[in-house]
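What follows is a single structure, written as structure tokens, with notes after it.
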């Protein structure tokens, strides 16, 4: 049986899932989406698949570089230090599950706020400095991949096995999708979670980036175009656009990742109590 706190968070997750089901896109955004999707239909299928394979490779290698970096080891140590304030027996990331749900939520909230502000700062700098503008797309990928990795680690699932690596990358991609497509991606993630049951090897679909993600890439390129335009006109407007778009993008991904890993944690707790 779940504790009152765990039951409360599981109910909040159900409410969020209901919101996903009832979510309707903004009319202006829907119009932009329709134009982008129409444009994608003119892209030859061979070229489309080539772009998707390239994105798969970029994300996979970025993930590997970030996860095996000194920065990741330092982050892991800081997470465990924060956790040991609540429980002295935590010495690996997998031990994080020894914390209760309120403690995990508190640590996750701080990390999500950190990465959202980091993304906003990157967007603001991109509007003022050419170097940051050129690297904005790559920077926002790195920031959000790190955010997903950290949230996975908080819930005791560091992306160190093939299964967890693929899961983290698919969670990241699901968070990138437009509103109307997130529910389908969420359901696919939860279905794969049940089938995989946290095994070491990954047996699901091997494609990480789906065609729907091309919408996100084009949206990001439109944002960069706006930043270039306003850079010469009004640095104030460019700063607002850059910061707001990056913040919103990171909020979507961190929200998806946090809800996914939190639900997996709560379901595993429920299963433990039933067995």
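Data overview
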{"item": "Contour excess over end-to-end distance, with Cα ends at residue 8 and residue 179 and 0.36 nm allotted per residue", "result": "59.1 nm"}
{"item": "Point-to-point label distance, residue 248-residue 102, nm (Cα→Cβ direction, 7 Å offset)", "result": "3.6 nm"}
{"item": "Residue order, fewest to most beta carbons within 10 Å, for 115, 155", "result": "115, 155"}
{"item": "Which of 139, 69 has the fewest Cβ neighbours within 10 Å, and the rest in rising order", "result": "69, 139"}
{"item": "Extension gain from residue 161 to residue 1, taking 0.36 nm per residue of separation minus the Cα-Cα distance", "result": "54.6 nm"}
{"item": "Sites residue 16 and residue 88, calculated FRET efficiency, Cβ-Cβ separation with R0 35 Å, nearest 0.05", "result": "0.60"}
{"item": "Order of 146, 157, 270 under a 10 Å beta carbon neighbour criterion, fewest first", "result": "270, 146, 157"}
{"item": "Rounded FRET efficiency, nearest 0.05, which uses the C-beta distance separating residue 109 from residue 54 and R0 of 51 Å", "result": "0.90"}
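Every number in this text was worked out from the coordinates using simple rules, so none of it is lab data. Quantities reported herein were computed from a predicted structural model and do not represent experimental measurements. Ideal geometry is used to build each Cβ from the backbone, glycine not excepted, and the neighbour counts take in all protein chains shown.
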